[in-house]
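Data block below; observations after.
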Amino acid sequence: GLFGVPELSCPEGFQEAQDKALQESEQLVQKACSTPPGPETVVIFDQLSDGLCRVADLADFVKIAHPDFAFREAAEEACRNIGTVVEKLNTDVELCQSLRRLLANEIVMSSLDPETRYLLMLIGLDFYLISGIHLDEEKRKKAVNLNVRILDLCNEFLTGAHLPNKIDKHVLPDHIRYNFTAEGNYLQVAGLHADCPDDLVREAAYKIFLYPNAEQLRCLEELLASRNSLAQLVGYDTFAHRALQGTMAKNPETVREFLEKLSDQLSKRTQKDFEMMTKMKMKLNPHNSKLMPWDHPYYSGVLRAERYNIDPGLYCPFFSLGACMEGLNSLFSQLLGISLYAEQTQRGEVWSEDVRKLAVVHETEGLLGYIYCDFFQRPDKPHQDCHFTVRGGRLKENGEYQLPVVVLMLSLPHSSRGAPTLLSPGMMENLFHEMGHAMHSMLGRTRYQHVTGTRCPTDFAEVPSILMEYFANDYRVVNQFARHYKTGQPLPKNMVSRLCESKKVCAAADMQLQVFYAALDQIYHGKHPLKKSTTEILKETQEKFYGLPYVPNT
């Protein structure tokens, strides 16, 4: 069965796994409600979370990654059904009362360790925030309905954001039409064409793809208003206050202060970056050299390439997948005393024959968990690099540790005749990034699975993975593993230096763009009613936090 779960040797097994989890959850709910307040209540809550997550997390992965449609469909159904049960549990008054009794018992609370108290805070937040369990019957119903409406609006907005825009082909000059998909008399613009060398193509794509859509704007405004209503209904000033509860940043005021300070520190450097891009644009397009938002990604890439000549083709032969995995193994061994071992899989355990299973073993603590590496492209597989928790680690009742299981998903090309799989510098960095998440899952050996590994405050979740990117850009690390796959020659030091230096080109302007996105997000989820339309707010925020002009009708 998938991941060694016997029921999942066929799609129908999801029903069986789900029924078993739901049966166990019913028994645990009864147990939680009848147990006197104490540490045991916390263990029961975590068992409840673990039983449902073990099916839901696994199904979450299978529904997007399994090559067999029947498996994907069965997993999708299991996700929906477990989601419904979780929503019911979040509004279960008796379950909430049992938590309240525990939180109100000062003697018990003072004897609990920080991890247990943190877990209780998170579970309490779920009850209060998601379902307004502390409200009267009528308001509670309203909270549940708002949650459902918000989920629908999120899906609607995200789907709408990817839809192409159509335009009469005669509006565009002849010589650029071939860049877009033709449909009768229309051209379809399905993205920003950010890497296209033709300024006019990028400008047309930007103005057409981002042209205002009344349905999308209505959807966004209703989504923001609904989020605000829900936050206020359960006792928060704004949705931003609610979303930042339990994070390192703590509240919107801290975030705003951070973004403003960062923006001030960046502004001179960002201006320098924009001046460099403008010069480059003037050189390549003297008739129209004003720097616009559609130029930033393209010209920063041109500057990088011109200044440091980091053609991926020069680097790929030194970054074979085998060499990169050896590099990670050696790094983890030196830093953490950990080794990665390839394990033989059982029949039906993996969903594609090119998936590899790694055991993560510590020199004194032994086996820490498993990483399934789903690294290669295949039809219907999403093109995204990500880390999935399939099973969280926790201390079981019998004193054994439940080992964590994760999947790392990349989209690498298959090896070709005579050459292994070769990674571009970007792919190599992504591999290190995702491995950072996997190690976080392996090393975060918490007592409770509800707070294990990457199930941590959202603003901490990327710290281990970004730390790994620094290792991927350090000569002392790269020098240990980057070898030409044919000759065994190490990557020359000046090539590593060029690669590392190239990362700094236009880094201020790139970060300034992220600051603008973050500031906009904070305002949208701040005080309501918003004083202006979402587009007017976008225009103002772009002018204050970005520095490239807002383009009318986008």
Problem set entry | Paired Rg and Dmax values of the chain, which use every Cα atom, in angstrom | 26.0, 78
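On the accessible surface of the range 340-455, probed at 1.4 Å, how many percent belong to carbon and sulfur atoms? Before the final figure, lay out the partial values.
Numbers: 2410 of 5200 Å².
Ligands and nucleic acids excluded, carbon and sulfur give 46 percent.
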Exercise. Could you give the dipole magnitude of the range 316-490 about its Cα centre, charging the beta-carbon of Lys and Arg +1 and that of Asp and Glu -1, in debye to the nearest 20?
Worked result: 240
For this session: Just order 536-547, 488-499 by mean Cβ neighbour count inside 10 Å, highest at the front, would you?
Result: 536-547, 488-499
For this session: Mind checking which of PHE14, THR270, PRO379 is farthest towards the positive end of the chain's charge dipole, using Cβ charges of +1 (Lys, Arg) and -1 (Asp, Glu) about the Cα centre?
Result: THR270
Seminar exercise, completed: Measure of exposure for ASP195: accessible area at 1.4 Å probe, Å² rounded to 10, is 130
Exercise. Size of the dipole of the range 2-133 about the Cα centre, Lys and Arg at +1 and Asp and Glu at -1 on the beta carbon, nothing else charged, in debye to 20?
Worked result: 360
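Arranged from highest to lowest average of other beta-carbon atoms within 10 Å per residue, in what order do the peptides 418-429, 263-274 appear?
Numbers: 418-429: 17.9, 263-274: 16.1.
My ranking of the peptides, most packed first, is 418-429, 263-274.
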Exercise. Can you list, largest first and rounded to whole Å, the semi-axes you get for the range 2-133 by taking the square root of 5 times each eigenvalue of its Cα gyration tensor?
Worked result: 32, 14, 13
Seminar exercise, completed: For the chain, the helices passing both cut-offs (Cα extent along own axis of 24 Å or more, Kyte-Doolittle mean at least 0.0, full DSSP H runs) are 39-65, 507-524
For this session: Evaluate the charge dipole of the chain about its Cα centre and quote only its size in Debye, nearest 20, assuming +1 on the Cβ of each Lys and Arg and -1 on the Cβ of each Asp and Glu.
Result: 1600
For this session: Kindly flag which residue pairs out of LYS268/LYS493; LYS63/LYS396; LYS261/LYS544; LYS250/LYS527; LYS272/LYS544; LYS20/LYS357 have an alpha-carbon separation exceeding 20 Å in this structure.
Result: LYS268/LYS493; LYS63/LYS396; LYS20/LYS357
Seminar exercise, completed: Quick calc of log₁₀ I(q)/I(0), the range 316-490, Debye, one scatterer on every Cα, no solvent, q values 0.08 1/Å, result -0.25
Exercise. Can you run phi through the Karplus equation (6.51, -1.76, 1.60; θ = phi - 60°) for the range 352-357 and list ³J(HN,Hα) in whole Hz, with x for Gly and Pro?
Worked result: 8, 5, 8, 7, 10, 10
Seminar exercise, completed: Of the candidates ILE82, LEU95, VAL108, the farthest towards the positive dipole end of the range 2-133 (Lys/Arg Cβ +1, Asp/Glu Cβ -1, centred on the Cα centre) is VAL108
Exercise. Where in the range 295-402 are there chymotrypsin sites (Phe, Trp or Tyr not before Pro) that are in a DSSP coil and have at most 14 other Cβ atoms within 10 angstrom of their Cβ?
Worked result: none
Exercise. Ordered by packing density, taken as the mean number of other Cβ atoms within 10 Å over each peptide's residues, highest first, how do 505-512, 5-12 rank?
Worked result: 505-512, 5-12
Seminar exercise, completed: Listed by chain and number, the residues whose amide H is under 5 Å from that of ASP295, excluding neighbours fewer than 5 places away on the same chain and using placed H, are none
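The values are calculated or read from the model by the stated rules, or taken from the named source; none is laboratory data. Computed from a predicted model, the values in this text were never measured in an experiment. Counting neighbours? That spans all protein chains shown, and the Cβs are built from the backbone with ideal geometry, glycine included. Note: areas computed on protein heavy atoms with side chains; ligands, DNA, RNA excluded. Shrake-Rupley method; radii C 1.70, N 1.55, O 1.52, S 1.80 Å.
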